[in-house]
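What follows is a set of notes on a single structure, which appears directly below.
The values are calculated or read from the model by the stated rules, or taken from the named source; none is laboratory data. This is a predicted model, so every value here is computed, not measured. FYI the Cβ positions are ideal-geometry reconstructions off the backbone, even for glycines, and counts take in every protein chain you see.
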Amino acid sequence: MRRRVVTAIGAAISVEPINEYATLVAELLTWDALEGATRLTQTQKDAAKRAFVLLRDAQSTSKTKNCQLAWWLRTASLAILADVPQDGRKLLEFASLEVECQPSDNWLEFTRQSVWTSWLGLLRHRSTEDVRQSRMALAELRAKQVIYEGVFLESLDDKTAARQAALELMGFYSLGTAAERLSEYLERGTADGAGDINAQLDMYFDRVMGVLDKAGNVFNIDIIFLLRPTAHCLAYGSLRAATRGANFLTRQFAENLISRPAQPLFQLLPPQREALRGQGLASNVHRSVVVNFPTSSGKTLLAQFGILQSLNDLGSERGWVAYVAPTRALVNQVTSRLRRDFAPLNKRVERLSPALEFDTIELSALSPKDTEVDGPPVDVLVCTPEKLDLLIRREELSSQLGRLALVVVDEAHGLGAKGERAIKLELLLSIVNREHVSARFLLLTPFISNAKQVAQWLDNESFKDYSIEAEWVPNDRIIGIVTPPDKSEFKRGEPAGFLNFEPIATRKATLHLDDVLKLEGVSPELGLTVSKLSTNAGSLSTAAAQVLSNRGPTVLLCRTVSQTWACAEELAQTSELSAENKDICGAVARFATYELGASSPLENLLGQGIGVHHAGLPEEVAQAIEYLFEKQALTALCATTTLAQGVNFPIANLVISSIYPPTRDGQPMSYADFWNIAGRVGRVDQEAIGVVALAAKDAESKQRCEQFLKRSMADLVSTLLGMVDDLNTLAADKGLEALVWKKEWSNFSQFIAHTLRQVGASKFADQVELVLRGTLGYQSIREKSVPLANELLRLTRRYAEGMAQQMGVVKLVDSTGFSFESVRGALARLSEAGDLPDLVNPTALFSGKSKTLQDVMGVLLTIPEVKNELVESGGGHGSRIADMLSDWVHGVSLEVLSARYFSTGTEDEDALAKCVRSFKRLSMTAAWGLSSVLAMKIGEGLEELPDELRKSVVNIPSMVLYGVWDSKQIALRSAGVPRNAAIALAKHTTSAATPFATRKSLKDGGAQLWSNALGPQRGADYFRVWQMLEGV
């Protein structure tokens, strides 16, 4: 292991292990692991793992084909038997399946190599050609057998030798047939027309061993002993086996995965196999399911199976699935994947914007009138928890979709996070559980220790948690601390040529060595002396990223936005973009300049293979950079913690500049945030060892890092459990209304208001305890303190009694997402503001002169739910915010907006990044606020407006969200078109349409449509980026 770790991080090794000794021990462990069994116990798997590790580290240096084949076959077989198949496949990545021997020279040797390479293709199964290799090789053997076999046997003078060769040939023919049958099964689900693959494998392996025993002295016979249980493992872990008894949709989905031209999926990862086959998730009958797997172990595929099962169970009944993701980035990513994978099944996947309102485009998608034009009914909706909460509360909309069959919650450990979003998600699931009694739940999480308790929460009788122990990891990973070298190692002013890397033992299954290793190869072009490395964590982490990037894609996690740019500029000095990536990186680089303006340095950085990722980038630019990194077109990516929010990246190395993000008020990053990004290092398709390096510029920093890495996985604890401590601060005459200025209590207020509407005032007092028991946190509160639980129950009843006196306000709570108190206060202030005539005249509202918009922003600045976001993103003045929104809606570029409203940056963030981040927050918050004001000021009167005017008023929040002017531009933005392109393309489209129809017309129009609107180069670049991001 030491040699492997040292080699992986690029350090020098001082003592070479003895390969011959390692090989001998590996062979002994191999025989011990098998004991003649076709299925292995855990003890035997552990022995196979030890043997695999030894053989892998003792890689054959022989140039002969036979020796290479023997090493590949032994090592890859042991990897499969040890439940680390991904490691074996990596070793075979560049293995040749060519047969070097000619049949005319030695028919027996030709047969051996043909059969061995057939099995090699099955063990690798990287492509359809790999799997079909055995069938093609055997067909070639049969064709040539009649020509060469007799001649070869007759050429042997010794009859004993001829008999032995004949027997060995018979054995290898049977061994080849076994490979042929397994190949058929992996690809088609049947072998020789039947599904009894295990019986067929046993029959042929029995024949093999029978004739080889008679032949005696067969070279490499131990490989055949290994291949027998390996073949059974491949059959058992195959996608075909997992979906054999599944429904039609699931089987069709499996067929598509297996037959797709790029990266076909023949085998499941061990956690997927265990869940689907070992524990029955492929035909799940449980209503509440928690999939608690390590990061990168294939939870999304299991979610896809769950979605298809739920859709299939609907039969002819109309229904839908909700997929909830915590961030816009993850919503976009999941939508793209589901849309791509479900398109062959004719299942429609749509994403909902994060705006807390439904514009005319989204309304048409939820209920298409003409399926030929608008597209088929929606099967899967992907959205944030807040948007689903709004949809569920708007029953007149959600009912159009039919029955809610399943709710998938991605990154479900967010239920235990601190803050208002956690309690929002918990209360949302409680509402769905209570009101949609036939809906199922599938929660995906990488690290909670009480998955069973969470599954029981949503259904105490029909639940299941699929938890894989943290010891299983998709790849080996080593975590350590990188420190500057000692000053005595270099002359004063001399650039440091290496860094120290000290592996640290963690509570996860990570590799560990007791040595301090040298990271050699710090570029002198960086000019980093020991003194600078010892005083500047940014420089230290940049040097570590530069060294590690030589072995694969590297993420450098920076503390601030300014640091991402500074580190990227330094890395660009030593990086060069590969020729094969210049085209795609060039398109994205130009696109970034179109969006950000010529002053942005991003184009030059991408031209050197270095990316930047932070909250100050437009959403589509960040997505495009994520795409480049996923495709390994970038050498390094300098990012803030915005990257650690569930996005799937192929990361070989992670360097963390500081464990203290500026948003944590002096506290280190959470356990969840750290492992959410660290867990993506060394993924299944990545380098053999993933490296996580925490930068520590001095002894004090090193000690903090060591303590940080000793933390353990914890239970998922409801936010409500922490909230009830606030009850102790209430005066005797005060109730919950004194707490709702806090966002988490505002969400609780909305929960109570919604339930009050659904249950009715007369029944609420009797049912309130049942309602509270439906939350994850209430039972925990009772376990902690029964008096405290009773107090919460008493205060909730009293609070609801006050609400019941104003049911009109309660209804507005449901439609606005504000607390009861916020709605009452807003209604009073809106009444004082007068008629606000521009609310029904978007042209006047965003003219830049509208007193209505200024007054509305002034009212919103008094509402606790939106006040802080409006102040932080737009300042504390309604007139300034109104001006900003008017410019934004009229398409003013980010570069101009930055100069106009954010002329200076800060130490942590430049002006342009601050502008982008502010407008992202402002557009979201102002859109929510405007939709709420429309509901409070106009309400049901909206339906009385003329049709075209009503549509334009309904679209006001989306105009603000997307920064565009009319319905055609909104339709384009809903279809994923970047803002600048949407404004130009709208002039070349006839009318607004559903996202489905808009995507189709944009795709059918091709690059020419985009070039007509934007010019040749710009149009081609925008079209290419749009295709990348939308997966079309």
Checklist line | region 96-112 - residue that is touching a Lys or Arg at 6+ places or on another chain (Cβ under 9 Å) and assigned to a helix (DSSP H, G or I) and, of those, surrounded by the fewest Cβ atoms within 10 Å (Cβ to Cβ) | finding: PHE110
Next item on the list: Answer yes or no as to whether VAL285 is β-branched (Val, Ile, Thr) and crowded, with 22+ Cβ neighbours inside 10 Å.
Entry: no
Note to self: So in region 83-113, with the set limited to residues that are at pLDDT below 90 and aliphatic (A, V, I, L, M), which one is farthest from ALA48 (Cα to Cα)?
What the structure shows: VAL99
Checklist line | PHE1023, sole failed condition from (1) surrounded by fewer than 21 Cβ atoms within 10 Å (Cβ to Cβ); (2) not assigned by TED's automatic domain parsing to the domain that holds SER886 | finding: (1)
Next item on the list: Quick one: in region 125-134, of everything that is touching a residue at least 12 places away in the same chain (Cβ under 8 Å) and in a helix (DSSP H, G or I), which residue is farthest from ASN66 (Cα to Cα)?
Entry: THR128
Item checked: strands (runs of 3 or more DSSP E) fully within region 308-398 counting 3 or more residues that are in contact with a Gly (Cβ under 6 Å, 6 or more places away or on another chain) -> none
Checklist line | Condition met for SER991 (more than 22 Å from VAL331 (Cβ to Cβ) and either over 30 Å from the mean Cα position of the chain (by Cα) or assigned by TED's automatic domain parsing to the domain that holds ALA844 (or both)) | finding: yes
Next item on the list: Determine if region 755-767 includes at least one residue that is within 34 Å of the chain's Cα centre (by Cα), modelled with pLDDT under 90 and not assigned by TED's automatic domain parsing to the domain that holds ASN868.
Entry: yes
Note to self: Of the conditions (1) surrounded by fewer than 20 Cβ atoms within 10 Å (Cβ to Cβ); (2) over 29 Å from LEU401 (Cβ atoms); (3) touching a Gly at 6+ places or on another chain (Cβ under 7 Å), PRO271 satisfies every one except a single condition; which number is it?
What the structure shows: (1)
Next item on the list: Considering each of TRP965, TRP928 in turn, give the residue that is part of a loop (DSSP other than H, G, I, E, B) and touching a residue at least 40 places away in the same chain (Cβ under 8 Å).
Entry: TRP965
Checklist line | Filter result for the condition that a residue is more than 28 Å from GLY480 (Cα to Cα) and in contact (Cβ under 8 Å) with a residue 60 or more places away in the chain, over ALA622, ALA615 | finding: ALA622
Notebook entry, point to check: Which of (1) within 28 Å of ASP855 (Cβ to Cβ); (2) buried (at least 20 other Cβ atoms within 10 Å of the Cβ) is the odd one out, the single condition GLY808 does not satisfy?
Noted result: (2)
Check: Where in region 653-736 are the helices (runs of 4 or more DSSP H), entirely inside, with at least 2 residues that are in contact with a helix residue (DSSP H, G or I) (Cβ under 6 Å, 6 or more places away or on another chain) and modelled with pLDDT of 80 or more?
Finding: 719-723
Checklist line | Residue selected from region 399-416 under the condition of a type in the set (A, V, I, L, M) and outside any strand (DSSP E or B), by the criterion nearest to LEU442 (Cα to Cα) | finding: ALA412
Next item on the list: Tell me, please, whether a residue that is within 26 Å of the chain's Cα centre (by Cα), surrounded by fewer than 24 Cβ atoms within 10 Å (Cβ to Cβ) and in a loop (DSSP other than H, G, I, E, B) can be found in region 595-610.
Entry: yes
Next item on the list: Working carefully through the options VAL933, VAL871, VAL892, find the one that is surrounded by fewer than 19 Cβ atoms within 10 Å (Cβ to Cβ) and under 22 Å from ARG824 (Cα atoms).
Entry: VAL871
Check: out of contact with any Gly (no Cβ under 8 Å at 6 or more places or on another chain), modelled with pLDDT of 80 or more, part of a loop (DSSP other than H, G, I, E, B) and closer than 19 Å to VAL407 by Cβ: does that describe VAL432?
Finding: no
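Here is a yes/no grid of residues against (1) part of a helix (DSSP H, G or I); (2) out of contact with any Phe, Trp or Tyr (no Cβ under 9 Å at 6 or more places or on another chain); (3) closer than 21 Å to VAL211 by Cβ:
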{"residue": "SER114", "(1), (2), (3)": "yes, no, yes"}
{"residue": "LEU123", "(1), (2), (3)": "yes, no, no"}
{"residue": "MET136", "(1), (2), (3)": "yes, yes, no"}
{"residue": "LYS144", "(1), (2), (3)": "yes, no, yes"}
{"residue": "GLU149", "(1), (2), (3)": "yes, no, yes"}
{"residue": "THR160", "(1), (2), (3)": "yes, yes, yes"}
{"residue": "ALA166", "(1), (2), (3)": "yes, yes, yes"}
{"residue": "GLY171", "(1), (2), (3)": "yes, yes, yes"}
{"residue": "GLU187", "(1), (2), (3)": "yes, no, no"}
Margin query: Only one of LEU912, LEU934, LEU945, LEU922 is under 12 Å from LEU885 (Cα atoms), in contact (Cβ under 8 Å) with a residue 40 or more places away in the chain and out of contact with any Cys (no Cβ under 6 Å at 6 or more places or on another chain). Can you tell me which?
Written below: LEU922
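Table: residues versus (1) farther than 25 Å from ASN747 by Cα; (2) over 32 Å from the mean Cα position of the chain (by Cα).
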site	(1), (2)
VAL866	no, no
SER873	no, no
ILE881	yes, yes
SER886	yes, yes
VAL916	yes, no
LYS920	no, no
SER931	no, no
Notebook entry, point to check: Within region 160-173, which residues are surrounded by fewer than 20 Cβ atoms within 10 Å (Cβ to Cβ) and either among the polar types (S, T, N, Q) or touching a residue at least 60 places away in the same chain (Cβ under 8 Å) (or both)?
Noted result: THR160, GLN164
Next item on the list: Answer yes or no: is there a residue in region 175-196 that is closer than 20 Å to GLN102 by Cβ and either assigned by TED's automatic domain parsing to the domain that holds ASN66 or buried (at least 19 other Cβ atoms within 10 Å of the Cβ) (or both).
Entry: yes
Note to self: Could you go through region 334-345 and let me know if any residue there is β-branched (Val, Ile, Thr), in contact with a Leu (Cβ under 9 Å, 6 or more places away or on another chain) and within 25 Å of GLU411 (Cα to Cα).
What the structure shows: no
Margin query: Filter region 186-232 down to the residues that are touching a residue at least 12 places away in the same chain (Cβ under 8 Å), under 21 Å from ARG132 (Cβ atoms) and among the aliphatic types (A, V, I, L, M) and list them by number.
Written below: LEU186, ILE197, LEU201, LEU227, ALA231
Note to self: Name the residue that is modelled with the lowest pLDDT, counting only residues in region 931-951 that are over 19 Å from ALA833 (Cβ atoms) and not in a helix (DSSP H, G or I).
What the structure shows: LEU945
Check: Across region 379-397, what is the number of residues that are in contact with a strand residue (DSSP E or B) (Cβ under 8 Å, 6 or more places away or on another chain), buried (at least 22 other Cβ atoms within 10 Å of the Cβ) and under 28 Å from SER1001 (Cβ atoms)?
Finding: 6
Notebook entry, point to check: When you go through GLY802, GLY848 one by one, which is the residue that is in a helix (DSSP H, G or I) and surrounded by fewer than 18 Cβ atoms within 10 Å (Cβ to Cβ)?
Noted result: GLY802
Check: Which ranges mark the helices (runs of 4 or more DSSP H) fully within region 858-922 that have 1 or more residues being among the aromatic types (Phe, Trp, Tyr)?
Finding: 878-889, 894-901
